[in-house]
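The values are calculated or read from the model by the stated rules, or taken from the named source; none is laboratory data. All values reported here derive from a predicted model rather than from experimental measurement. Don't worry about glycine lacking a Cβ; one is built from the backbone with ideal geometry, like all the others, and counts go over all protein chains shown. Side chains included, ligands, DNA and RNA excluded: accessible areas come from the protein's heavy atoms. Shrake-Rupley method; radii C 1.70, N 1.55, O 1.52, S 1.80 Å.
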Amino acid sequence: MKEIVHKKLNQLQATAICGNDISSSCLYVSALTILYAGQYAWISLLIVAVVLFLFRKIYGEVVGAIPLNGGAYNVLLNTSTKKLASLAATLTVLSYMATAVISASEGMHYLHGIFEGLNVTIATVVILILFTFLAILGIGESAFVAVIIFVTHITTLTLLVLASIWFLFSHGLETFHINWQTPLATGNIKTALFLGFSAAMLGISGFESSANFVEEQEHGIFPKTLRNMWGIVSFFNPAIAILLISVIPLSEVGENKESLLAHLGETTGGSWLAWLISIDAVLVLCGAVLTSFVGVSGLLNRMTLDRILPNYFLKQNKRGSHYRIVISFLILCISVLFATQGHLESLAGVYTFSFLAVMALFGIGNLLLKFKRRKLPRPERARGIAVVTAVIFVIAAFIGNMELNINAFYTFLKYMVPSLLFIGIMLNRVALIKLLIEALEYFYQPLRRMVILSNRYLQNLSIKINSQEFVFFTKGDDIAMLNKVLQYVENNETTKKLKIVHVKNDGTNNEALKKDLEVLDRAYDGIDIEYIELKGTFGPDLIDELSKKWNIPKNFMFIASPGNKFSYRVSDLGGVRLIM
């Protein structure tokens, strides 16, 4: 079979695929952080940038040492157990699922703001299907679209920043001073920064995606994608937060939280910039959908190769894409969209907690790699204290998000538990098959014994019924009469044996009768015909004697209809039957 080879991704292409996801956070993370941290939101976002800087080396060390698709799953698979690795994989798939559905839906909500007649749910399904086909076409085509979206998005954000700076030069910092003096809703700065940081950690979702398709990237590109993603969110997220609190009164942030950047654009540049940001939001959120499809394809392919998932998913098309994985992921996303009836707040919890758990597990995987695979060569190393610090920050963000919305955490568990149950079944399917075999054996053995005994009993009963002999007393009838007798016996009696008895007097010649019976015996091979000649007188005494001697009840003995000269009445024969 010819191996399918496709071109590797360069720096721009790889950065665009994963960068659309992480850079799309600029559309919502600033507003979200300001709601909790107020005028100090930019500090929370800078702390996130520091944490992400630590994760650059964490990811760089792990993927440099084990350059395979799978991200957190890959490192844990090579340093711990398959169960822990599968946990990381499950969390990653849940994160991608939530990202794809939320991004597609939010993108269509932005489009609905431009075209009010748009049905958001149907449009979301169309977007998911569209990017499914794009992912099936192959990584090259996906990268081409991703680059266009990425460049457009960065250009739009740059225009927004420049327009906001120009606005500040023209209108001054009065709004900033008012906002800076506004009392915090949380009461103190530490709580504000902590809750703001917890919310702001959502702004780095997508950072883990590059590790899930590292095998599709050119050599040496992966660490550059990490650097580029870190640079984008470290600049734009804090910068936009500072510009927001300098231009928009804090009281207006909550009112415009779903399209805050469009509101900023309209304030600083006019309706054209607001419209451009809305279009850009649609595109980049769709780009995040593409990131999910590409990332989950690489991850699930690796899991299938490791026999956690059925080999069914290994099938590739001519372009080298695992179309069965992509289509299955589409079905999962659409089913989740309709299961939530378009109310995606519940999925936001799945997205939040699964992503943070994956980041924490990746850090733990890095520590395990240091202890268990010390001799494994790697291009760079993250210091142990830096790894521990990064993991602590992520755990803190996890706890912080539980405080912000505990119901979202419960929703996360509702999706998590069935997913883990499915993976548990796949991991333990051999043991489960053995258990099922033993259970079947346990229930089968008594049933088998009962079936054997019942079969034996029924066989014996059938043999007993068929072995019952019948007797026909003939007066030397012709072959036509005897044929009718045999027809009657064959059609009405359950027997295989028939005695044809002729009670004769001296001088009677039965040669013709014997020849006729030989012919009938061949014709009725299902009946064993036995011809018997007796000397004596036919009557009740003879019948009684033969019944006892052969152990044949009298009602199993037949005669033809007697003539007028017959010496006995039929009732005198003790139950012998007339059949002709």
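Brief remarks follow.
- A P(r) calculated from all alpha carbon pairs of the range 391-524, with 5 Å bins opening at zero, reads 2, 7, 9, 9, 7, 6, 5, 5, 5, 4, 4, 4, 4, 4, 4, 4, 3, 3, 3, 3, 2, 2, 1, 1, 0 percent.
- Rh by Kirkwood over Cα pairs, then Stokes-Einstein D for the range 174-255 at 0.692 mPa s and 37 °C, µm²/s: 213 µm²/s
- Sparse-neighbour loop sites [trypsin sites (Lys or Arg not before Pro); the range 249-337; at most 16 other C-beta within 10 Å; DSSP]: ARG307, LYS315, LYS318, ARG319
- With an a/c value of 1.5 or above and a/b not larger than b/c for the gyration tensor axes a ≥ b ≥ c computed over the alpha-carbon atoms, the range 48-177 is described as oblate.
- Net length available on complete extension from ILE279 to THR186 is 30.0 nm, with 0.36 nm assigned per residue and the Cα-Cα distance removed.
- Global form of the range 348-441, assessed from the alpha-carbon gyration tensor, a/c cut-off 1.5: oblate
- Point-charge dipole on Cβ atoms (K/R +1, D/E -1) for the range 183-327, about Cα centre, debye to 20: 620 debye
- Charge dipole (the chain, unit charges on Cβ, about Cα centre) - positive-most of ASN317, ILE240, ILE327: ASN317
- Within-12-Å neighbourhood charge of SER462 [Cβ basis; K, R +1; D, E -1]: +3
- Net charge of neighbours whose Cβ lies under 14 Å from the Cβ of TRP272, counting Lys and Arg as +1 and Asp and Glu as -1: -2
- Helix-only CD estimate at 222 nm, as mean residue ellipticity for the chain, using -39500 (n - 2.57) per DSSP H run (n ≥ 4): -23500 deg cm²/dmol
- Distant alpha-carbon pairs in the range 80-135 (separation over 19 angstrom), percent: 44 percent
- Charging the Cβ of each Asp and Glu at -1 and of each Lys and Arg at +1, and nothing else, the dipole of the chain about its Cα centre rounds to 2060 debye.
- Accessible surface of the range 90-174, 1.4 Å probe: 76 percent of it comes from carbon and sulfur atoms.
- Here the Karplus curve 6.51 cos²θ - 1.76 cosθ + 1.60, taken at θ = phi - 60°, turns the phi angles of the range 190-207 into couplings of 5, 4, 4, 5, 5, 5, x, 4, 4, 5, 5, 4, 5, x, 10, 4, x, 4 Hz, with x standing for Gly and Pro.
- Taking HIS219, HIS112, HIS263, HIS153 and ordering them by how much accessible surface each has at a 1.4 Å probe, largest first, produces HIS219, HIS112, HIS263, HIS153.
- Degrees between helix 82-114 axis and first principal axis of the chain (Cα, 0 to 90, nearest 10): 70 degrees
- Residues of the chain: accessible area per residue with a 1.4 Å probe, Å²: 49 Å²
- Computed from Cα atoms, the angle from the helix 323-339 axis to the main principal axis of the chain rounds to 80 degrees.
- Spatially proximal lysines relative to LYS7 (Cα-Cα < 25 Å; intrachain offsets below 8 disregarded): LYS224, LYS315, LYS318
- Calculated FRET efficiency, HIS177 to LYS318, Cβ-Cβ distance, R0 = 56 Å: about 0.35 to the nearest 0.05.
- Cβ-placed point charges (K, R +1; D, E -1), dipole of the range 128-228 about Cα centre in debye, nearest 20: 360 debye
- Both radii are taken from the alpha-carbon atoms of the range 249-312; with Rh as the Kirkwood radius, Rg/Rh is 1.35.
- Cα gyration tensor shape for the range 289-415, rounded if a/c is under 1.5, else prolate or oblate: oblate
- A crude spin-label estimate for the pair ASP541 and TRP166, with each label 7 Å from Cα along the Cβ direction, gives 14.1 nm.
- Once exposed loop GluC sites (Glu not before Pro) are cut out (DSSP; at most 14 other Cβ, 10 Å), longest piece of the chain: 381-580
- With the convex hull drawn over the C-alpha atoms of the range 178-336, the volume per residue is 181 Å³.
- Length gained on full extension, SER561 to VAL151: 136.6 nm, using 0.36 nm per residue less the C-alpha separation.
- Hull-based mean projected area of the chain, where the convex hull spans the alpha carbons, in square nanometres: 45.6 nm²
- Estimated at 0.36 nm per residue, the fully extended path between LEU458 and THR158 surpasses their Cα-Cα distance by 99.1 nm.
- Highest-first packing order for the peptide set 549-558, 384-393 is 384-393, 549-558, based on the mean count of other beta carbon atoms within 10 Å.
- Rounded to 10°, Cα long-axis angle of helix 139-171 versus longest principal axis of the chain: 30 degrees
- With N the number of residues in the range 1-95, Rg(Cα) / (2.2 N^0.38 Å) evaluates to 1.41.
- For the range 511-528, the Karplus equation 6.51 cos²θ - 1.76 cosθ + 1.60, evaluated at θ = phi - 60°, returns couplings of 4, 5, 5, 4, 5, 4, 5, 5, 5, 5, 5, 6, 6, 10, 6, x, 10, 8 Hz by residue, with Gly and Pro reported as x.
- Hydrodynamic radius (Kirkwood) for the range 464-580, which is based on Cα pairs only, to one decimal in Å: 14.6 Å
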